[in-house]
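Presented below is the structure to which this report refers.
The values are calculated or read from the model by the stated rules, or taken from the named source; none is laboratory data. Since the model is a prediction, treat every value here as computed from it, not as a measurement. All Cβ positions, glycine included, derive from the backbone under ideal geometry; neighbour counts span all protein chains shown. Surface accessibility is based on the protein's heavy atoms, side chains included, excluding ligands, DNA and RNA. Shrake-Rupley method; radii C 1.70, N 1.55, O 1.52, S 1.80 Å.
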2 protein chains.
Amino acid sequence: MNGAVDLPLGQAELSFTAAGDARVRRSVLPSGVRVLSEHVPGSRSVTVGFWVAVGSRDEQHADAAHPATYGSTHFLEHLLFKGTTSRTALDIAISFDAVGGEHNALTAKEYTCYYAKVQDRDLPMAVEVLADMFTSSLLDPVEFDNERGVILEELSMAGDDPADVANEKFFEAVLGEHPLGRPIGGDPVTIRAATRNAVWEHYRANYRPQDLVVTVAGAVDHDALVADLTAALTRHGWDLGVEAAPLDRRSESPAMLASGTPLTVVERPIEQVNLLLGVPGIVATDERRSTMSVLNAIFGSGMSSRLFQQVRERRGLAYAVYSFAPAYSDAGLFGMYAGCAPSKAGTVAGLMRTELERVAEHGVTDDELRRASGQLAGASALALEDSDTRMSRLGRAELTLGEFADLDEALRRISLVTVDDVQALAADLVSRPFSLVAVGATDEAALHGAVDEIAAGTDVA
Amino acid sequence: MNGAVDLPLGQAELSFTAAGDARVRRSVLPSGVRVLSEHVPGSRSVTVGFWVAVGSRDEQHADAAHPATYGSTHFLEHLLFKGTTSRTALDIAISFDAVGGEHNALTAKEYTCYYAKVQDRDLPMAVEVLADMFTSSLLDPVEFDNERGVILEELSMAGDDPADVANEKFFEAVLGEHPLGRPIGGDPVTIRAATRNAVWEHYRANYRPQDLVVTVAGAVDHDALVADLTAALTRHGWDLGVEAAPLDRRSESPAMLASGTPLTVVERPIEQVNLLLGVPGIVATDERRSTMSVLNAIFGSGMSSRLFQQVRERRGLAYAVYSFAPAYSDAGLFGMYAGCAPSKAGTVAGLMRTELERVAEHGVTDDELRRASGQLAGASALALEDSDTRMSRLGRAELTLGEFADLDEALRRISLVTVDDVQALAADLVSRPFSLVAVGATDEAALHGAVDEIAAGTDVA
């Protein structure tokens, strides 16, 4: 391959060699089911994921046309483990436990993924059980109410974690009313109100053949995988002969975001203040995506990064401090996190803002750029040793990007990033409206002062 | 090899093939430095660890003979990243960041480990930097005070995490005055009081050639490793020609523990109660170690386990619920965790106790035993795909067990465990004094009731 390969929805078969001799193959079945595999030579384990492009952002307030309510995507994810027409919840659990496999699921803002990591010989079992869960879950009413209790405890656990709370508030503060700003799991009110019928409708509407993407990486033979999957889905009642086109990829133009909330304070009688400061970022398909990776590496990833050096190494103000840049189809964020003493919150927020502004005004050095390249190359190479990372990469390629770029291509794009690109992106970011979130025993006056300075700084930059 | 190989301190060279064609080699240098490597065919990455058998349990109250104070082992661990005679803290950070390596350290109750995971070509760099940190750290007074602030924030972060707090209180409740009962990081009072001189003495006394164990797994050539390590340690001032025997392994007879604290309550205005219920367990070298692994798998590990089924699946009382069995040289614990609603804490604690008693009274089934074997085999095989797991296994073998057992041997031992063994161990555990820890907005009366019932149950069992 020459580095990047398009994944057209209508193309039935694709096959190419990726960096490191991994072999990638993709089949689109007549029913619209998509199957992608990456065979990694020498691997003895394998990770399989069943994906749908439905996440919390797709939930609507309950009405006749949109019966799913906030948190119901995550609720449904839990229920898929609770029994099918041919397996009890315990049967499902035993299938994976008996072979020491990892199996779990993840509800995100724009997708849901059910996955398992097993030894090579157990892949057919994993495909069979995941296919059964995906096609034939019962959503039994008794299990539904039991699981409501479990989910309420999961929400309570997250609610007791101040960093989790800060993260949810940060999305809300930066993205406002945009559906990506909502928490993934709903809240206790929506979970208590959720009905089995609404979740059932959500399931029937979004778990069809044309919605399903199966990605597998590691010790996998593509033809055997397609045969096993086809047999399993058919056995569980799907007619894969019915012609249907795969679901169109999500494609929205970048959202027009309302100006964010400048300051959000959640008072908690705890020791640290969990601070998040940030701005709207770039979307997942933005051409500056590689530049963002480089900026984030230089600015706030790793012990040599500017944020770590300024906040932790030189001043000892925090233990955890970093930046991050999540990106979605029509919005993104750039955020900086630190956990610090309440009396230092204003100082730390000011330092974060000043450091980003320094990049915007004075750029980064050639040395920093070179190091960021090395860091991203090495970290990616290490990450790709895990079949889970490769499985996820295939999922993102198919669901979001419509293109598979291997490691060589990703690094080539990184190598094209210039110091000017990094500075320009930082300048763009500091020109956007900042949102500050503080969870803890805050000194609100000091935070207001910091917010004022940050707002003033924005005008100067 | 025939499965398990002794690692006598006095034996200069050892070499054998372990399960899966990994080649294990061990060299004891004249100075007492020990080097163990496990070459994994086909691996492209490598993890290296520098270990000493010094942990928080070895700290003494400050006096002339024992200048180190509580938390100073962890304090020292932080300081090793803060600069040497030839490298600044930033230099050290850059070395690993520039190649995208992971580098970090871990202070435990009985050891400290500095480690790095890198691509194969970067191993000589990792060895050089870790050797420099280990031999030549400055413990600069200015850096010392900066790092004090970082550590205080680390303690605050842990103090804000109710599950962390519950875990520390649980060790205290079960182990009482035993040194293993103390928290690893000290507390804000001991950290504020720590002096550079005391930590320096701790460093000089415990980071000598005869203390050092270097373990490496993945893409490693043993002879080149020994040559690189010898050169690096010599370059940084160590005389490896001075004859010294490796430090004796820790060997204590199982501790006589005072009866634990029946109930510890930490009031927090949060949503969940973090519950831990448990008893003293077995030591790391106990011959029932494999039986404990099987019991823990059946009882509280995985979605099909009894605890998960009873507490979460059937009753929806918790999201996180599991058991665990940490083991040390002269003491161990068996614990059960759940995060639940305050109103359910008494019920959940009772269920935990009842379920363990059920195993003690009625045993487990052949099916459960078979599944546990499969679970442990599969999970171990998957875990050993990571070079970090193998690096750690080598460290534990050398520091704690004095024996290397490969996967085949570990599984052989598991296969010898009978349902009677499991029942006998559970019966032994339920006969021990239970400690209950609750962190959250607790209903103390309900918890006292649960404790009374648990105490009554103990007499009946």
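Rounded if a/c is under 1.5, else prolate if a/b beats b/c, else oblate: with a ≥ b ≥ c from the C-alpha gyration tensor eigenvalues square-rooted, which is region B:279-364? The shape class here is prolate. Simple spin-label estimate for A:V142 and B:E287 gives 4.6 nm between the two label positions (7 Å along the Cα-to-Cβ direction from each Cα).
What the phi angles of region A:319-328 give under the Karplus curve with 6.51, -1.76 and 1.60, with θ = phi - 60°, is a coupling list of 9, 9, 7, 6, 10, 7, 8, x, 9, 10 Hz, glycine and proline written as x.
In region B:93-140, burial by the other protein chains removes 40 Å² or more of 1.4 Å probe accessible surface, compared with the chain on its own, from B:I94, B:D97, B:A98, B:G100, B:Q119.
Once you reduce region A:386-400 and region B:73-105 to the center of their Cα atoms, the two points are 32 Å from each other.
Here is how far apart the A:P8 label points are across copies: 7.1 nm, shortest first, using a point 7 Å from Cα toward Cβ.
With +1 on each Lys and Arg Cβ and -1 on each Asp and Glu Cβ, how big is the dipole of the protein assembly as shown about its Cα centre, in debye rounded to the nearest 20? Roughly 400 debye, rounded to the nearest 20.
In region B:229-268, a dipole from Cβ-located charges (positive for Lys and Arg, negative for Asp and Glu) runs towards its positive end, and of B:V265, B:P254, B:W238 it is B:V265 whose Cα lies farthest in that direction.
Our note on the geometry: Cα centres of region B:235-304 and region A:121-159, 33 Å apart.
Gain in length, B:S253 to B:T347, computed as 0.36 nm per residue apart minus the alpha-carbon separation, to one decimal in nm?
Numbers: separation 94, 0.36 × 94 = 33.84 nm, distance 3.72 nm.
Result for the pair: 30.1 nm of gain on full extension.
Remark: the Cα gyration tensor places region B:55-165 in the prolate category, a/c being 1.5 or greater and a/b exceeding b/c.
Dipole check for region A:254-331: with +1 at the C-beta of Lys and Arg, -1 at the C-beta of Asp and Glu, and the Cα centre as origin, the magnitude is about 300 Debye. For A:T442, nonlocal amide neighbours, meaning residues 5 or more places apart or on other chains whose placed amide H falls under 5 Å from its own, are A:R268.
If you wrap the Cα atoms of region B:11-236 in a convex hull and average its projected area over all directions, you get 13.8 nm². For a modelled paramagnetic label at B:A441, 7 Å from Cα along Cα-to-Cβ, the residues of region A:248-283 in reach, with backbone nitrogen under 15 Å, are A:267-270. Sorting A:K344, B:K109 on solvent-accessible area from highest to lowest, probe radius 1.4 Å, gives A:K344, B:K109. For B:D452 and A:T418, what is the calculated FRET efficiency with R₀ set at 56 Å and r taken between the beta-carbons, to the nearest 0.05? E(calc), rounded to 0.05, equals 0.20. Each copy carries a label point for A:P262 at 7 Å from Cα along the beta-carbon vector; from one copy to the others these points are 5.8 nm apart, nearest first. Put simply, the amide H of B:L263, placed in the peptide plane, has neighbours under 5 Å in B:L436, leaving out anything fewer than 5 places away on its chain. The string of couplings for region B:146-151 from the Karplus curve (6.51, -1.76, 1.60, θ = phi - 60°) is 4, 5, 4, x, 4, 5 Hz, one whole number per residue in order, with x for Gly and Pro.
Is the shape of the protein assembly as shown rounded, prolate or oblate, going by the alpha carbon gyration tensor and its root eigenvalues a ≥ b ≥ c, with a/c under 1.5 for rounded and a/b larger than b/c for prolate? Note, shape of the protein assembly as shown comes out rounded.
Placing +1 on the Cβ of every Lys and Arg and -1 on the Cβ of every Asp and Glu, with no other charges, gives region B:263-455 a dipole of roughly 360 debye about its Cα centre. For chain A, leaving out every one of the GluC sites (Glu not before Pro) that falls in a DSSP loop and has at most 10 other Cβ atoms within 10 Å, the longest unbroken run is A:1-176.
Full-extension gain between B:R204 and B:Q60, please, as 0.36 nm times their residue separation minus the C-alpha to C-alpha distance.
Answer, rounded to one decimal: 50.3 nm.
Taking θ as phi - 60° and the Karplus parameters 6.51, -1.76 and 1.60, the scalar couplings of region B:348-355 work out to 5, 4, x, 4, 4, 5, 5, 5 Hz in sequence order, x denoting glycine and proline. The mean count of C-beta atoms from other chains within 10 Å of the C-beta of residues in B:301-314, rounded to a whole number, is 4. Dividing the summed -39500 (n - 2.57) terms of all DSSP H runs of n ≥ 4 by the residue count of chain B sets its mean residue ellipticity at 222 nm at -13000 deg cm²/dmol. If we count every other residue with Cβ under 11 angstrom of A:V451's Cβ, Lys/Arg +1 and Asp/Glu -1, where does the sum land? Local net charge: -2. Model label points for B:D366 and A:E267, set 7 angstrom from Cα along the Cα-to-Cβ axis, are 6.4 nm apart. For the residues of A:146-156, the average number of beta carbons from a partner chain within 10 Å of their own beta carbon is 6. Counting Cβ atoms of other protein chains within 10 Å of each residue's Cβ and taking the mean over peptide A:380-391 gives 3.
For chain B, go through all pairs of different Cα atoms, get the mean of 1/r, take its inverse, and jot down that Kirkwood value in Å.
Working: mean 1/r = 0.0424 Å⁻¹.
It works out to 23.6 Å.
Each copy carries a label point for B:R314 at 7 Å from Cα toward Cβ; from one copy, the others' points are 6.0 nm away, ordered from shortest. For the rotation that carries chain B onto chain A, the axis lies closest to a Cβ at B:G42, 2, where the number is the distance in whole Å.
Just the protein heavy atoms count here, and of the accessible area of the protein assembly as shown at 1.4 Å, carbon and sulfur take up 52 percent.
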